[in-house]
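The values are calculated or read from the model by the stated rules, or taken from the named source; none is laboratory data. Everything numeric here is computed off the predicted structure, so don't read it as measured data. Here the Cβ is made from the backbone with ideal geometry for all residues, glycine too, and neighbour counts use every protein chain on show.
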Ligand SMILES: Cc1cc2nc3c(=O)[nH]c(=O)nc-3n(C[C@H](O)[C@H](O)[C@H](O)COP(=O)(O)OP(=O)(O)OC[C@H]3O[C@@H](n4cnc5c(N)ncnc54)[C@H](O)[C@@H]3O)c2cc1C
C-alpha cells in the first residue's frame with residue numbers, strides 16, 4: 001500500500017495510541033482518525049501502582065485526555081470495543097461485534113499484559129497482577145481482608161506496589177532472586193540504596209525466586225527457592241514483567257518476535273501497518289523499551305511516518321519510578337558508563353549519580369532531583385563534555401555545564 005493516508009485506525013488507547021492521534025492532528029493530518037480501545041476512556045497506566053492503588057486519585061483524574069478532547073481533535077473514539085482482526089489488503093479493521101472500520105493505515109498500539117510465571121498455583125484467586133484498571137480495582141478490593149502480602153519481583157512495578165501496600169499498612173514481603181534489582185538501569189550502588197529503602201520502611205526483602213503457590217483455607221502458602229518452610233500470606237502480587245500483545249499482528253501475518261518488529265519509523269513488515277509502544281520490538285537490534293516516554297515518543301514517530309516526514313530525533317531515554325515518597329528518574333544508559341560521579345551527598349536527597357564514558361555523560365539516575373535528570377538528558381543528547389569534579393560539586397550551576405563548562 002502506498003500514498004498518503006486518509007483513513008487511519010489506531011488500535012489501543014494507551015499513551016502510545018493517544019500520542020499517535022495527538023501528533024497526527026498536530027502535524028496537520030486532516031483525514032479520518034479512529035481510536036479503538038477495549039477499555040473505557042483512555043487513561044494513564046503509571047498511577048495504577050501509585051496514587052490510584054493508594055486511593056489518592058480516581059479514574060477521572062488519570063485520564064490521558066478529557067472526554068471532550070477527542071471531539072475537538074476530530075478523533076472518533078470507540079471504547080469498550082475489541083479489534084479482532086486486521087485486514088490490510090482490503091483496508092479494514094474488524095471489531096468483536098462484527099463492525100468493520102475502513103482503514104488505509106492501521107497503527108497497532110496494543111501494549112501487553114502482565115506476565116505470570118509458569119509455576120503451580122500462579123492463577124489462584126488470591127494471586128494478583130497489575131497492568132490494567134481492572135487489575136488495580138481487583139487488588140484494592142482484596143486489600144481490606146489482606147494483611148500479609150507477598151510481592152514477587154522487585155523491579156519497577158513490584159517495588160512500587162510493595163511501597164504502596166506498605167504505606168497502606170500491609171505486612172509486605174518482597175521477593176526477588178536478584179539481590180540488587182535495577183542495577184543495570186541505575187548502577188549497583190544506587191540499586192543497593194533503593195533496595196535498602198524497602199527495609200527501612202519495614203518491608204521484608206528476600207533474595208529468592210518463587211517456586212510454588214498452594215492455596216489453603218488459611219491463606220496462600222508461598223514456597224520461595226532455597227527456603228525450607230513456606231510463607232503463609234493472604235495475598236500475592238506478581239510483578240515479573242509483561243508480555244507484548246501481538247495476537248492481531250501474528251494473525252495478520254506481520255513479523256513478530258516477542259513484540260511486533262518495527263523499523264526506526266515504526267513500520268512493521270506490512271506497509272499499511274505501523275506499531276508503537278510496549279507491543280513492539282526494534283527490528284534492528286531487538287531492543288524493547290517498556291517505559292511511558294518511549295511509548296509516547298513512538299507515537300510521534302509513527303505520526304511523522306504517516307505524514308510522509310522523516311522520523312523526529314528521539315529524546316534521550318528517560319523513565320521514572322515513585323516509591324516511599326521519593327521520585328526516582330533514570331536517564332540514558334548507565335550500563336554504558338566506565339565510571340560514575342555522585343552529585344550531592346549520596347543517600348541524602350536530593351542527589352544524583354551520573355554515569356560517564358570518558359568525559360561524556362551517558363546516563364544518570366536521580367532521587368528527588370529533577371534538575372539533575374533534566375540536565376543529564378540534555379548532556380547526553382548534546383554529547384557535551386563535562387568536568388567530573390564540576391559535575392560532582394553541588395554548588396556548580398548545572399546550566400553552566402550545558403554551555404560546555
Ligand atoms: C502499573 C504500571 C506502572 C507503571 N509505571 C511507570 C512509571 O512510573 N514510569 C514509566 O516510565 N513507565 C511506567 N509504566 C510503563 C508504562 O505505563 C508503559 O510503558 C506504557 O503504558 C505503554 O503504553 P502503550 O500505549 O504501549 O500500552 P498500554 O498502556 O498497555 O495500552 C495498550 C492499550 O491497548 C488496548 N488494546 C489491546 N488490545 C486491543 C484490541 N485488540 N482492541 C482494542 N484495544 C486493545 C488495551 O486496552 C490498552 O488500553 C508502568 C506500567 C504499569 C503497568
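Just give me the residues in region 391-405 being part of a loop (DSSP other than H, G, I, E, B) and in contact (Cβ under 8 Å) with a residue 24 or more places away in the chain, in sequence order.
393, 394
Being closer than 16 Å to residue 380 by Cα, in the same structural domain as residue 382 (by TED's automatic domain parsing) and either surrounded by fewer than 16 Cβ atoms within 10 Å (Cβ to Cβ) or within 16 Å of the ligand (Cβ to nearest atom) (or both) is the requirement here; does residue 333 meet it?
Taking the combined requirement at face value, the residue satisfies it.
Which one of these is part of a loop (DSSP other than H, G, I, E, B), within 30 Å of residue 216 (Cα to Cα) and near the ligand (Cβ under 9 Å from one of its atoms): 123, 116, 131?
Checking each option against the conditions leaves just 131.
Return the residues of region 14-44 that are buried (at least 21 other Cβ atoms within 10 Å of the Cβ), more than 20 Å from the chain's Cα centre (by Cα) and within 13 Å of the ligand (Cβ to nearest atom); say none if nothing qualifies.
Selection gives 35, 36.
Of (1) in contact with a strand residue (DSSP E or B) (Cβ under 8 Å, 6 or more places away or on another chain); (2) outside any helix (DSSP H, G or I), residue 160 satisfies all except one. Which?
Every listed condition holds for residue 160 apart from (2).
If you go through region 201-224, how many residues are in contact (Cβ under 8 Å) with a residue 40 or more places away in the chain and more than 12 Å from residue 152 (Cα to Cα)?
Matching residues across region 201-224 total 6.
State the number of residues belonging to region 252-270 that are surrounded by fewer than 24 Cβ atoms within 10 Å (Cβ to Cβ), touching a strand residue (DSSP E or B) at 6+ places or on another chain (Cβ under 9 Å) and more than 22 Å from residue 114 (Cβ to Cβ).
10
Being in a helix (DSSP H, G or I) and over 30 Å from residue 252 (Cβ atoms) is the requirement here; does residue 149 meet it?
For residue 149, the condition - in a helix (DSSP H, G or I) and over 30 Å from residue 252 (Cβ atoms) - is not met.
Would you say residue 321 is crowded, with 18+ Cβ neighbours inside 10 Å, under 30 Å from residue 244 (Cβ atoms) and touching a residue at least 60 places away in the same chain (Cβ under 8 Å)?
yes
When you scan region 265-290, how many residues do you find that are more than 9 Å from the ligand (Cβ to nearest atom) and either in contact with a helix residue (DSSP H, G or I) (Cβ under 6 Å, 6 or more places away or on another chain) or on the phi > 0 side of the Ramachandran plot (or both)?
Residues in region 265-290 being more than 9 Å from the ligand (Cβ to nearest atom) and either in contact with a helix residue (DSSP H, G or I) (Cβ under 6 Å, 6 or more places away or on another chain) or on the phi > 0 side of the Ramachandran plot (or both): 7 in total.
Within region 219-242, how many residues are under 18 Å from residue 127 (Cβ atoms) and more than 11 Å from the ligand (Cβ to nearest atom)?
So the count comes out to 16.
Anything in region 1-10 that is assigned to a strand (DSSP E or B) and surrounded by fewer than 23 Cβ atoms within 10 Å (Cβ to Cβ)? List them, or say none.
The one that is assigned to a strand (DSSP E or B) and surrounded by fewer than 23 Cβ atoms within 10 Å (Cβ to Cβ): 7.
Based on what the data block shows, is residue 311 over 30 Å from residue 27 (Cβ atoms) and free of Cβ contacts under 8 Å to residues at least 60 places away in the same chain?
Answer is no for this residue.
Would a scan of region 61-74 turn up a residue that is closer than 30 Å to residue 175 by Cβ and modelled with pLDDT of 95 or more?
yes
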